[in-house]
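Report on one structure; see the data block that follows.
The values are calculated or read from the model by the stated rules, or taken from the named source; none is laboratory data. Just so you know, these numbers come straight off a predicted model, no measurement behind them. With ideal geometry, Cβ positions are generated from the backbone for all residues, glycine too; neighbour counts draw on all protein chains shown. Note: areas computed on protein heavy atoms with side chains; ligands, DNA, RNA excluded. Shrake-Rupley method; radii C 1.70, N 1.55, O 1.52, S 1.80 Å.
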Amino acid sequence: MGAEQRLRAAAGLYHSLLRIYEEGRESIPEYPYPFESDVEICLVDDSCKSPIERFWNGNTMIYVLQKARPNEESDSMEESKTDAFDLLPKENSGPVPLSVRRAKQLISLFTMVQNPHMIHLKLGEVVTLPPLWIRCDGSDPEHTYWLGAEPLKAGNKITGINLYMVTCDGPTADKTCFANLEELKMQHKIMHHSSVVTTKGFAQYELIRAAAIEDVIVESESNISVDIAWNTVDKILETPPLISAATLNIALEPGDPRSPVYQLYRELQFLLALAESLKTGVIKRPEPLETESAVELVQEFLADLKRKLDGYCVSGSKDGMEKIKCDTEAVDSLIKSIFSEQGDLDFAEQLWCKMKCVSSYQELIACFTLILESLERGEIQPWIHHGSSSLLSKLIQQSYHGKMEAVSLTGITPIEMLLEIGLDKMKRDYVNFFIGQELATLTYLDYFISTSVDLQEQVHRVQKLHHMLEIMVSCVVLLKFKHENLFPLTQICMKYYKENPVDEKHVFQLPISSALVKKFYQDNHPEVWKVDISSGHGPKEVKTTWQVSTNPPVEHMTSNNTGLFSDSTVNASAEERMYFITVVKCSQVHF
């Protein structure tokens, strides 16, 4: 590249980056911008998962440069937008890295345009741009997979630039490939002309696998891990001290058949199916919870009330108690200490226990026809909880006075009636747990059990309650958490779910003492272990990072080498744990 051509390329890059930055301050672009013929530029902020968060945690806004994807319909902008801004890889479609040589050219151009002394570029007053990171293909001898550049400022003046290089090797189980900490520290001192360095350690351990109790929970999409950070590292792969700061990460997907609350999860699935039926008018439900006919169960239930209760329902009937015991059979001794068996199911809640196996719209109508006829004839005067706003509860209250309004069991009315009593029953289950365990007050739970919103929204809020319940139960079963740990975790979960929709993949984080989970990590291998070696202070601070991880630290490594990395950790024994080795080096250029 000649000098004139280089200057034009630098100016072109600056104006492209500046335009993207100015537009991004209003809203992050939905698709990449092309630069020259081979590069695309993405602007990323904290609303998107950063592809470099594993080894850099600076500005919230960065540029990511990668190789432009071929566009089969170059004239169609819509085609270029489709999935183009996907910074994380998908099967057969992921970010494509540039050659290391091309990435170094772009870093050099970026450094030029951020240097305020390069007045011959005629850029006017140079704007400080966000850091720039470039995906590389690892084709050089060092296996470089990222190059980065971060402008340094003193006040409003650009004084220099931090240059980053991320290299990666592996996976390997050969510990002789691992660095020596003292050698790393010496290399850092020589490179940065420093006499004093500090070290900080970080380790991440998977707890859900280490804590599995008789296969109570399978992993599925769930993951419970702990991040531990500490000062002063003495050796590579050392176990974190017990006084270290730790953060528990919980991503738990409900629905494991071996979960102690699986029966409640199945009830929730039927509730969700009913909510969907309100839109379609057709009951499409999961596999029935019971094999018996709902009509037969309701007939037996009503006959029992007529025969044994002399016209009224005493709380805690035999059927109701048996049902609850059946629902909690899967709860092991640990969970039984949390759940108290409800002996005060009202008529509507017991009815839900009978009707949750209903399999068709016709069966639903038949059940409610039996119930309404019994109420109209005064054959039963069942007891219901105070405060229920369901249509069935109102009809029952009216029946006490011998006069009921006519209800037409047509359209979506029967579905709404069953959905309402199901919501009441399940809300009470969750409230009993959170209040009974002193994890929340009724006032704090009001958002989740409010009837002032429509039925669809009520179902979504009950879904949130169930997700939180599964998280608490998993922490008790797997990690033996007590109230002092469950209470702050509950508050974190509830605060999140008061502000966000249902997200079963969300990672909830709880600060804890590392000693709380020491038995789950002290004798286990970390998923990630790294040491940061630092010198200097403030803007003059420079850092070298050495890291091992069981998963590829760079997304575009996997997309280019799927055969090499497949099953690298799954089949490895604990003694042969396979690790990727990553090194991040930083150097400073002062203008």
**Asked** In this structure, does Thr144 turn out to be open to solvent by less than 20 Å² (accessible area, probe 1.4 Å), in contact (Cβ under 8 Å) with a residue 12 or more places away in the chain and more than 29 Å from the chain's Cα centre (by Cα)?
**Response** yes
**Request:** Residues being within 24 Å of Met557 (Cα to Cα) and either open to solvent by less than 50 Å² (accessible area, probe 1.4 Å) or more than 30 Å from the chain's Cα centre (by Cα) (or both): count how many of those fall in segment 109-141.
**Result:** 10
**Request:** Scan segment 27-36 and give yes if some residue there is of a type in the set (D, E, K, R), modelled with pLDDT of 85 or more and closer than 30 Å to Pro552 by Cβ, otherwise no.
**Result:** yes
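Among the residues of segment 288-310 satisfying the criterion of being in a loop (DSSP other than H, G, I, E, B) and touching a helix residue (DSSP H, G or I) at 6+ places or on another chain (Cβ under 8 Å), which is modelled with the highest pLDDT?
Ser293
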**Met165, sole failed condition from (1) assigned to a strand (DSSP E or B); (2) aliphatic (A, V, I, L, M); (3) open to solvent by less than 50 Å² (accessible area, probe 1.4 Å)** = (3)
**Asked** Name the residues in segment 10-35 that are farther than 24 Å from Leu152 by Cα and surrounded by 13 or more Cβ atoms within 10 Å (Cβ to Cβ), would you?
**Response** Pro29, Tyr31, Pro32, Tyr33, Pro34, Phe35
**Message:** Looking at Cys357, Cys367 in this structure, which one is under 14 Å from Leu274 (Cβ atoms) and modelled with pLDDT under 90?
**Reply:** Cys357
**Request:** Just name the residue that is most open to solvent (accessible area, probe 1.4 Å) out of those in segment 454-501 that are at pLDDT 95 or above and in a loop (DSSP other than H, G, I, E, B).
**Result:** Pro501
**Asked** Among the residues of segment 110-133, is any under 24 Å from Lys540 (Cα atoms), in a strand (DSSP E or B) and at pLDDT 85 or above?
**Response** yes
